[in-house]
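Single-structure report; data block below.
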Amino acid sequence: MRDDQLIFFIGAPGSSWSRIASILEYSPKLLLNLSDHSLEREYYIKNSKSWSHLINHQGSYFGTGMEFGYRFESPQDFYNKISFKKEIAKAFTEHNEFKNYLIKSHSLAYNLDWLIETFPTSKIIFVIKQPIEECVEWWQSAGGFDITYPKYDWYKNKDLLKEFNRQQYNIKKFINECGYSVYAPTNSFFKNKLSIDIDNKPVSEYIKAIQLLPPSGEGDPDLRTQMCFYNMEI
């Protein structure tokens, strides 16, 4: 895999980033490699009143305690560039020069400078949501440590608010200095910027779920989740 095929996808737990990732898979502009998908790498929020049928997590995740990405919290201490890419490649059963690889990781938020210096031609999609306390609450309501995929054991015995906030603080600081715009997860954004068919039922449902709307779509959309597309033309 070439460096410019790598799209690092980074956000704190509970920021709706997994649902955004699911929408991005429908973008012909991003042309994502989905060979990391399997039934074993799916998680549904069964206690959700409206969206229990939606896959909340799907495909590979990277971080200590998860299936892939051991020591991604401090990759500079454990990997060189070659071994880091080999760890990423493990998650995908197909490799080619045409499709891009979405690398979902909370952990990489701790070392953004290393990531950008090591992979200057790669792309990054950041997701943030305020307040961070709500991210903690949402993650816990979605299952917390009972989430079956990916596993969040690395966070056990840690101050969740502190860790989630550290991740989001680093992301926000970088966004504030990088010169790239932030976008809300609106219908028009996904349609006009990423060429996604928003009439596709799963896409429409994911957007409503992110905006905290009921299945009818009626009500006041919550647009506090924001995205930044670094090193990308959209």
Quick count over the stretch 181-201, residues being assigned to a loop (DSSP other than H, G, I, E, B), under 17 Å from the mean Cα position of the chain (by Cα) and in contact (Cβ under 8 Å) with a residue 60 or more places away in the chain, is 1
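Step by step: first the residues of the stretch 15-46, then only those that are hydrophobic (A, V, I, L, M, F, W, C), in contact (Cβ under 8 Å) with a residue 24 or more places away in the chain and not in a loop (DSSP other than H, G, I, E, B), then the one that is surrounded by the most Cβ atoms within 10 Å (Cβ to Cβ). Which residue is that?
Going through the qualifying residues, I end up with Trp17.
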Output the qualifying pairs, or none if there are none: Cβ atoms under 9 angstrom, residues six or more apart or on different chains, first residue in the stretch 219-233 and closer than 12 Å to Tyr183 by Cβ, second residue buried (at least 19 other Cβ atoms within 10 Å of the Cβ) and among the polar types (S, T, N, Q). Leu223/Gln211; Thr225/Ser15; Thr225/Ser16; Thr225/Gln211
Determine whether Ser107 is within 20 Å of Tyr169 (Cα to Cα), touching a residue at least 40 places away in the same chain (Cβ under 8 Å) and of a type in the set (Ser, Thr, Tyr). yes
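Scan the stretch 77-104 residue by residue and report those that are in contact (Cβ under 8 Å) with a residue 40 or more places away in the chain and over 15 Å from Ile10 (Cα atoms). Reasoning before the result, please.
First, the residues of the stretch 77-104 that are in contact (Cβ under 8 Å) with a residue 40 or more places away in the chain: 85, 88-89, 91-104.
Within the stretch 77-104, Lys85, Ala89, Ala91, Phe92, Thr93, Glu94, His95, Asn96, Glu97, Phe98, Lys99, Asn100 meet the criteria.
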Given (1) modelled with pLDDT of 95 or more; (2) within 17 Å of Lys123 (Cβ to Cβ), Ser107 misses just (2)
Within the stretch 155-164, the count of residues that are surrounded by fewer than 18 Cβ atoms within 10 Å (Cβ to Cβ), closer than 26 Å to Glu177 by Cα and touching a helix residue (DSSP H, G or I) at 6+ places or on another chain (Cβ under 7 Å) comes to 1
Within the stretch 142-170, can you find the residues that are farther than 19 Å from Thr64 by Cβ, of a type in the set (A, V, I, L, M, F, W, C) and within 17 Å of the chain's Cα centre (by Cα)? Ala142
Out of all the residues in the stretch 80-96, is one or more closer than 30 Å to Ile234 by Cα, over 20 Å from the mean Cα position of the chain (by Cα), among the polar types (S, T, N, Q) and at pLDDT below 95? yes
Is there any pair with a first residue in the stretch 134-161 that is touching a residue at least 24 places away in the same chain (Cβ under 8 Å) and a second that is polar (S, T, N, Q) whose Cβ atoms are under 7 Å apart and which are 6 or more apart or on different chains, and what are they? Cys135/Ser15; Ala142/Asn56; Trp154/Thr64
Listed by first then second residue, the pairs whose first member lies in the stretch 202-218 and is surrounded by 14 or more Cβ atoms within 10 Å (Cβ to Cβ) and aromatic (Phe, Trp, Tyr), whose partner is modelled with pLDDT under 95 and assigned to a loop (DSSP other than H, G, I, E, B), with beta carbons under 9 Å and at least 6 positions apart or on separate chains, are Tyr206/Trp51; Tyr206/Leu54
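The values are calculated or read from the model by the stated rules, or taken from the named source; none is laboratory data. Since the structure is predicted, the reported quantities are computational estimates derived from the model, not experimental observations. Methodologically, a virtual Cβ is constructed for each residue, glycine included, from the backbone with ideal geometry; neighbour enumeration extends over all protein chains shown.
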